[in-house]
Amino acid sequence: MSNLSTLSQPKRNVDIASQQETAWRQQGSLWSNLRQVCELLAIPAPATADDEDTLFQHVRYKAGQRIHRIGQAFDTLYIVNSGFVKTLHIDEFGNEQVLSFPMKGDILGIDGIHKQHYASEAVALSDCDMILVPYKTFAALGRIHCELEQAMFSVMSREIVREQMMISMLSALSAEAKVARFLTNLGERFSQMGYSGRSFNLRMTRQEIGSYLGLTLETVSRTLSALNELGMISVEQREINLLDTAALKSLRRLPPAKARNKVAEKVTALVNKNLLPQWNPELSTAIN
């Protein structure tokens, strides 16, 4: 095994793991090789990569545990192997602003590169398995494999573009459209990971969704109820079913409550008269 492997293997990563006060190690496979990490990030692995040359440690976190803190010295990039995370900023008054909801294949910690301190905090929303990539190892690998460095920069750019799209959405859409778009975007992410893009559980609370979208808890809850009323989604506690993704994506603003009630009354009347044998989500927005 080459000298490079020592940058990402035993002593260094043991030190990193020990800094996590309540983190617990994954039982079983404690390490991933470079090819496996590249596969997780959806980037090509260097043709000359040796599976035994560089290994990266896994560390697991329980729901609610902090992965890194604001102001903590930067030395590691984190890749989500499984589970769900939230990143947030905390101001001087203790107010929290959710910045993102990373999931499998996402990379955390790039905001620490600039000033060598993490600018945000990362917290596990569920039990998570994280792969630790010491930044020194990343830099050394980039000098050896130029194509890997370019691919990693592409991954970082992908995260920046996603944040920019979020900022654009916040400034352009109504409150109801923000919630609808959030649900469809989340469904697309689940689909990309091989899960159902139409039926999934929300790992984040409604309050966390509101913080992310710049909305109040009440607005998020009211909008979810209205979308459920209109047949665009069905909601059962944290379980969400997207019934009409096209309507959700094109939604600009919800009709007033009185109009929604009239729609519900007309649909109910049609069902009672056996003129509407089964619920059709499209009718909820088409009937006037």
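The values are calculated or read from the model by the stated rules, or taken from the named source; none is laboratory data. Being a predicted model, the structure only gives us computed values, none of them experimental. Virtual Cβ from ideal backbone geometry, glycine too; neighbours counted across all protein chains shown. For the accessible areas, the whole protein counts, side chains as well, though only heavy atoms, and no ligand, DNA or RNA atoms are used. Shrake-Rupley method; radii C 1.70, N 1.55, O 1.52, S 1.80 Å.
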Determine whether the range 142-152 contains at least one residue that is surrounded by 15 or more Cβ atoms within 10 Å (Cβ to Cβ) and assigned to a loop (DSSP other than H, G, I, E, B). yes
Options 71, 64, 94, 105; residue that is over 20 Å from residue 162 (Cα atoms), under 19 Å from the mean Cα position of the chain (by Cα) and part of a loop (DSSP other than H, G, I, E, B): 64
Pairing a residue in the range 78-99 that is free of Cβ contacts under 8 Å to residues at least 24 places away in the same chain with any residue that is open to solvent by 40 Å² or more (accessible area, probe 1.4 Å), where Cβ atoms lie under 7 Å and the two sit 6 or more apart in sequence or on different chains, gives none
Out of (1) out of contact with any Leu (no Cβ under 9 Å at 6 or more places or on another chain); (2) of a type in the set (D, E, K, R); (3) at pLDDT 95 or above, the one residue 86 does not meet is (1)
Condition met for residue 136 (in a helix (DSSP H, G or I) and over 23 Å from residue 214 (Cα atoms)): yes
Only residues in the range 165-185 that are in contact (Cβ under 8 Å) with a residue 24 or more places away in the chain and farther than 12 Å from residue 212 by Cβ count as the first member; pair them with residues that are of a type in the set (Gly, Ala, Ser) and not in a helix (DSSP H, G or I), Cβ under 9 angstrom, at least 6 apart or cross-chain, and list the lot. 175/214; 184/197
From the list 194, 187, 214, pick out the single residue that is outside the structural domain of residue 38 (by TED's automatic domain parsing), on the phi > 0 side of the Ramachandran plot and under 15 Å from the mean Cα position of the chain (by Cα). 194
Checking residue 202 against (1) outside the structural domain of residue 88 (by TED's automatic domain parsing); (2) within 30 Å of residue 34 (Cα to Cα); (3) open to solvent by less than 10 Å² (accessible area, probe 1.4 Å), the condition it does not meet: (2)
Applying the selection to the range 213-233, what residues are touching a Leu at 6+ places or on another chain (Cβ under 8 Å) and open to solvent by 40 Å² or more (accessible area, probe 1.4 Å)? 214
